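K.L.:
I'd like to ask you about the structure that follows.
Derivation of every value follows stated rules applied to the coordinates shown; laboratory data play no part. On a predicted model such as this, the values are computed, not experimentally measured, just so you know. Cβ coordinates were reconstructed from backbone atoms using ideal geometry, including for glycine residues, and neighbour counts include every protein chain displayed.
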Amino acid sequence: IKKVTTHQLQNMKERGEKISMLTAYDYSMATILDAAGVDVLLVGDSASNVMAGHETTLPITLDQMIYHASSVIRGVQRAFVVVDLPFGSYQGNSSEALRSTIRIMKESGAHGVKIEGGAEIKESVTRILSAGVPVMGHLGLTPQSIYKFGTYTVRAKEEAEAQKLIDDALLLQELGCFAIVLEKIPSELAKKVAEKLQIPIIGIGAGPHVDGQVLVVHDMLGINKEFKPRFLRRYADLHTIMTDAVQNYVKDVKSKDFPNEKEAY
Ligand code: KIV
Ligand code: NA
């Protein structure tokens, strides 16, 4: 199997082939997503919400991210695997950012990292890149800054924030990032950025005029019932399927239907 590389992702943009990306946090799910042909797997710090049940992405630790990333890597043969630098692991200074990145790369075997922000993290991005680690940017609604925003609504609707986002995207490209995620911004702004930049722009809630799409896998599989923002398309209703399966199991245990003779030694 031919592995996906940053070079191939760049070629996909140039050919107009859209890049598919999903989050993954564990071995079993990664095996399925990789075999199904997802180009990029993101070990997102959304694990904090989806796997650990926290309200925000802030509590997840570097050690926990490395545990998720190493589990994902063991299930992957083809996909390019990117790991989020968690809150608190890079904001302090660029040497801390590099140290966190090196731990992720060494201890999980991942292929690159993603980091939230623009001009504010310029030195960290430069330093990580100079160590030879591919960096994916993340602009727009950056969930690690949720208490600054105060709301999960669409970002960069105002001119000033939109202009900063464009400037930050250009800066990240200039520094050498291989791609940028744009989260929850107007379609027209995302389109402008994707047209202006040479590197792939991956959207989530950023409309169709970008070079690829990313979703949280539990959301698109319909595992969590409550989360249903406008940008989310549900490809399955696993919440119902899993609930039915488990209810049937409970019923069969209670009624002594399970296990039957063939299911026993
Ligand atoms: O952590 C995450 O799931 C993400 C994606 C939503 C881009 O950063
Ligand atoms: Na994230």
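K.L.:
Which one of Ile185, Ile241 is of a type outside the set (Asp, Glu), out of contact with any His (no Cβ under 9 Å at 6 or more places or on another chain) and not in a helix (DSSP H, G or I)? Step through it out loud before you land on a result.
P.N.:
Details: Ile241 fails: not in a helix (DSSP H, G or I).
None of the others qualify; the one that does is Ile185.
K.L.:
Let me ask you something else. From the list Ala36, Ala47, which one is over 17 Å from Met136 (Cα atoms) and in contact (Cβ under 8 Å) with a residue 12 or more places away in the chain?
P.N.:
Details: Ala36 fails: in contact (Cβ under 8 Å) with a residue 12 or more places away in the chain.
Unique residue meeting the criteria: Ala47.
K.L.:
Considering only region 192-211, state which residues are out of contact with any helix residue (DSSP H, G or I) (no Cβ under 6 Å at 6 or more places or on another chain) and either within 15 Å of Ile166 (Cα to Cα) or within 11 Å of ligand 1 (Cβ to nearest atom) (or both). It would help to see each step written out before you state the result.
P.N.:
Our first condition is that a residue be out of contact with any helix residue (DSSP H, G or I) (no Cβ under 6 Å at 6 or more places or on another chain); within region 192-211, this holds for 192, 194-196, 198, 202, 204-205, 208.
Across region 192-211, the qualifying residues are Lys192, Ala194, Glu195, Lys196, Gln198, Ile202, Ile204, Gly205.
K.L.:
Of all residues in region 112-140, how many are without any contact (Cβ under 8 Å) to a residue 60 or more places away in the chain and not in a strand (DSSP E or B)?
P.N.:
Matching residues across region 112-140 total 17.
K.L.:
Which residue, of Lys106, Lys148, is farther than 23 Å from Phe80 by Cα and more than 14 Å from ligand 1 (Cβ to nearest atom)?
P.N.:
Details: Lys106 fails: farther than 23 Å from Phe80 by Cα.
Testing whether each residue is farther than 23 Å from Phe80 by Cα and more than 14 Å from ligand 1 (Cβ to nearest atom) leaves just Lys148.
K.L.:
Name the residue that is nearest to Phe80 (Cα to Cα), counting only residues in region 157-183 that are without any contact (Cβ under 8 Å) to a residue 24 or more places away in the chain and of a type in the set (Asp, Glu). Spell out how you get there, then give the answer.
P.N.:
As a first pass, look at region 157-183 and keep what is without any contact (Cβ under 8 Å) to a residue 24 or more places away in the chain: 158-161, 163, 174.
Right, trim to of a type in the set (Asp, Glu) and you get 158-159, 161, 174.
Values: Glu158: 34, Glu159: 34, Glu161: 31, Glu174: 22 Å.
Among residues in region 157-183 that are without any contact (Cβ under 8 Å) to a residue 24 or more places away in the chain and of a type in the set (Asp, Glu), the one nearest to Phe80 (Cα to Cα) is Glu174.
K.L.:
Same structure again: So which residues in region 26-49 are assigned to a loop (DSSP other than H, G, I, E, B), within 13 Å of ligand 2 (Cβ to nearest atom) and either surrounded by fewer than 20 Cβ atoms within 10 Å (Cβ to Cβ) or small (Gly, Ala, Ser) (or both)?
P.N.:
Residues of region 26-49 assigned to a loop (DSSP other than H, G, I, E, B): 26, 36-39, 44-46.
So of that shortlist, the ones also within 13 Å of ligand 2 (Cβ to nearest atom) come out as 44-46.
Those that are assigned to a loop (DSSP other than H, G, I, E, B), within 13 Å of ligand 2 (Cβ to nearest atom) and either surrounded by fewer than 20 Cβ atoms within 10 Å (Cβ to Cβ) or small (Gly, Ala, Ser) (or both): Gly44, Ser46.
K.L.:
Is there any pair linking a residue in region 184-200 that is within 19 Å of Arg15 (Cβ to Cβ) to one that is assigned to a loop (DSSP other than H, G, I, E, B) and not β-branched (Val, Ile, Thr), with Cβ under 7 Å and at least six apart or on different chains, and which?
P.N.:
Lys191/Gly207; Lys191/His209; Ala194/His209; Ala194/Asp211; Ile199/Cys177; Ile199/Phe178; Pro200/Asp211
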